[in-house]
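The values are calculated or read from the model by the stated rules, or taken from the named source; none is laboratory data. Since we're looking at a predicted model, the values are computed, not measured. Note that we place each Cβ from the backbone using ideal geometry, even for glycine, and neighbour counts take in every protein chain shown. Heavy atoms of the whole protein, side chains included, go into the accessibility calculation; ligands, DNA and RNA do not. Shrake-Rupley method; radii C 1.70, N 1.55, O 1.52, S 1.80 Å.
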Amino acid sequence: MRSFIGSTLVVVGLAVVPSLVLAQRRAPARTDTHAGAQHEFGVDLGANYAKPQNISGGIELLTPVDIRVGFRSRGKLMWEPRASFGLTSYGGATRHTIGLGVAGLYAMDPAGHSSGMYLTGGAGLVLVNNGFTSGTNFSIGGGVGWRKPYGSAAWRYELGFRYDTKNDGGLPSTIRIGGRIGLSLWH
């Protein structure tokens, strides 16, 4: 179990740390802090209701280690890799999950990716360990979200669903419905 979590944290760290280091450079002064921004960095808290196949469902909480890096574009579509860590307890078992995925965000507001409503959809891998078995599930999902400006940053709210496929290691398929709230910063 320790090697599972340790290996995953190393992979996430190697993927995220270079972007965070580049974000430390001082940006030139400008009146609109979002103008010309190429990346959106964010951290989220989330909760959802999960219902695995043939097991009682329950509430899941995502820790504040749900990290995302968005690659902003001038168009309406932007791409956003995400990494999350979850600890859940339902159906009589405690599960540790690590999610790695990518989502597309389609801006519905004329302001683009700085504020307003957006639609999101994506796919990824979920590494699961419940103490008895471990494995990887493929996941797909979608939702709707909103950005609300907050000084030089923005609050982000999302509601959505996710479906994790069944794997051969005995991990069931799971449907999740929930939401997340987070803060976005631009670089």
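Quick notes
- Qualifying position, being assigned to a strand (DSSP E or B), in contact with a strand residue (DSSP E or B) (Cβ under 7 Å, 6 or more places away or on another chain), modelled with pLDDT of 95 or more and closer than 30 Å to Q38 by Cβ, among G179, G122: G122
- Selection count, the range 72-94, where residues are open to solvent by 30 Å² or more (accessible area, probe 1.4 Å), at pLDDT 90 or above and part of a strand (DSSP E or B): 4
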